[in-house]
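Asker: One structure follows; several queries about it will come next.
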Amino acid sequence: MKKILILISVLVLSCVNTGFCRDSLRSTLNLHGQQNEKEQSDLLDEFRDAWSEVQDVTGPLTIEGDVLGYAQSYGSAKIDGDTKNGNSYGAYKARVRLHWSPIEDGEFFFQVQGGASDLYSNPSRRGMVASPLNSQASRTSPGGEASISDVLYTQHFADKKIFVSLGWTDPESFMDGNRFAGNGRTQFVNSMFNNEPIFDGIDSNLPIIAVGFNPREEFSFTMLAQSTTYAGRPDDQRKGDLEDMADSPLIGGQLTYSPSFGKLKGNYRFFGWTNTYDQPRLDGGEESANWGIAFNMDQDITEDFGIFARLGKGNGAINNITWTWSAGTNWQGPLPMREQDVWGVAAGGVQGNKHTDNTDMEFHYETYYQVKLTDYFSIVPDVTYVTNSNANRNNDDILFGMLKFFFTFSTPGS
């Protein structure tokens, strides 16, 4: 019993090991030899020693996770001729992750997540916006839910210059990452500032295989193939998650250039994807495959100020959104005596499809301020303003506000 209590205490108290407590799966897999920074605290020596005893039996093992609680609110708006009443409500979302290295340069990853929210009051579910305002609404429901979202094994080769990953996750685990706009829990909450919106629209967790190669430190290349359920076809033509997995997969690839200018780092990503099965077209033409291409960058301008941008284009015959853009800033320590706080500002747009009733560009403007109270707890107020809502210039603007409370925990690193 004493050992169990010690392990529980380790999970709750060892939150300063912030290297593991990240939003994105891709940042935890150490792909292309990129290691997470791991901070340690002398206050946790006793717990670290206890966890070391556990790892003597299991091998390198880490359990970590986080809890996000938030309150959000938005006003009433007239959208496509209908008045949508505003709403205010609270929600929570939690994750628990396991990292285990059973053999050298190999890692098994397992994630459970879920939560509770008034999901059907979200503006995107009510047809108020073309691009969702809350990227954290997935895997939640009014009554609460929890599910296994990711199971993945990754093996590294050639001094971690090559990796192969196999399991169950989403394509965004390997593509479209961004240091300044990819963590909806502590950064921008809008979906369009976390991933390229057209790519995000086809994204789902299914069986996947990915391979990566970095011939030089500043260059890396990733390719993936994921099974599909024919989600773009009518319901009666779709297949199950594990049915005919090799038939008409999603294929994707990303090339990343990561230069350094002294202490100033940058990442420039070019990626593309295609669903190789045919699906109905909005223009009434013959069925065809869906596809998308995108550019994504983040760059330090000074040691505490950086910029980011995304630009994407999809198959205009299939997607309700034909092209997208976004850009913004990330400023760490914007106020005196608050060196760990972060202030972000972003703007972006999604272009409606000329083959639909909503043909204008929907604009999003968002700002957040992360108040980092400790290494493991942050409070993040966030405000979004949307014009040309639902890609229609005749619709009312929407003001969307959120207050987030984010707590992380982790066992000590090996």
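Asker: Net charge around Ile307, counting only other residues with Cβ within less than 9 Å of its Cβ (Lys, Arg = +1; Asp, Glu = -1)?
Answerer: -2
Asker: For the range 81-215, compute Rh as the Kirkwood radius over C-alpha pairs and then the Stokes-Einstein diffusion coefficient at 20 °C and 1.002 mPa s; write the answer in µm²/s, rounded to an integer. Walk me through the numbers on the way to the answer.
Answerer: On the way: Rh = 16.9 Å.
Estimated diffusion coefficient is 127 µm²/s.
Asker: In debye, nearest 20: dipole of the range 62-156 around its Cα centre with unit charges on the Cβ of K, R (+) and D, E (-)?
Answerer: Magnitude of the dipole: close to 560 debye.
Asker: While we're looking at this one, here's another question. If we count every other residue with Cβ under 12 angstrom of Gly115's Cβ, Lys/Arg +1 and Asp/Glu -1, where does the sum land?
Answerer: +1
Asker: Oh, and also: When ranked by the protection proxy of mean other Cβ atoms within 10 Å per residue, highest first, what sequence do the peptides 390-396, 132-138 form?
Answerer: 132-138, 390-396
Asker: Ok, one more. Round to a whole number: what % of the accessible area of the range 179-241 belongs to carbon and sulfur, probe 1.4 Å?
Answerer: 51
Asker: Excluding ligands, DNA and RNA, what is the solvent-accessible area per residue of the range 159-202 at a probe of 1.4 Å, expressed in Å²?
Answerer: 25
Asker: When the Cα centres of the range 245-290 and the range 300-334 are compared, how far apart do they sit, in Å?
Answerer: The range 245-290 and the range 300-334 have Cα centres spaced 16 Å from each other.
Asker: Going 7 Å from the Cα of Asp159 in the Cα-to-Cβ direction, what parts of the range 194-216 have a backbone nitrogen less than 17 Å from that spot?
Answerer: It comes to 213-216, nothing else.
Asker: What Rg and what Dmax come out for the range 148-211 when only alpha-carbon atoms are used, in angstroms?
Answerer: That works out to 13.4, 38 Å for Rg and Dmax.
Asker: Could you give the size of the charge dipole of the range 244-366 about its Cα centre, using +1 on the Cβ of each K and R and -1 on the Cβ of each D and E, expressed in debye and rounded to the nearest 20?
Answerer: 420
Asker: Still on this structure, I have one more. Relative contact order for the range 307-414 using alpha-carbon pairs under 8 Å, separation at least 6, rounded to a whole percent?
Answerer: 18
Asker: Further question on the same structure: Net charge near Lys263: determine it from the other residues with C-beta under 12 Å of the C-beta of Lys263, scoring Lys and Arg +1 and Asp and Glu -1.
Answerer: Summing Lys/Arg as +1 and Asp/Glu as -1 gives -2.
Asker: What FRET efficiency comes out for Thr374 versus Asn85 if R0 is 51 angstrom and r is the Cβ-Cβ distance? Round to the nearest 0.05.
Answerer: The pair Thr374/Asn85 has a calculated efficiency of 0.85.
Asker: Relative to the Cα centre, what is the charge dipole magnitude of the range 142-244, using +1 at the beta carbon of each Lys and Arg, -1 at the beta carbon of each Asp and Glu, and rounding to the nearest 20 debye?
Answerer: In debye, rounded to 20, the range 142-244 gives about 320.
The values are calculated or read from the model by the stated rules, or taken from the named source; none is laboratory data. Keep in mind it's a predicted model, so treat the numbers as computed, not measured. Every residue, glycine among them, receives a Cβ derived from its backbone with ideal geometry; neighbour counts consider all protein chains shown. These area figures cover heavy atoms from the full protein model, side chains too; ligands, DNA and RNA do not enter into them. Shrake-Rupley method; radii C 1.70, N 1.55, O 1.52, S 1.80 Å.
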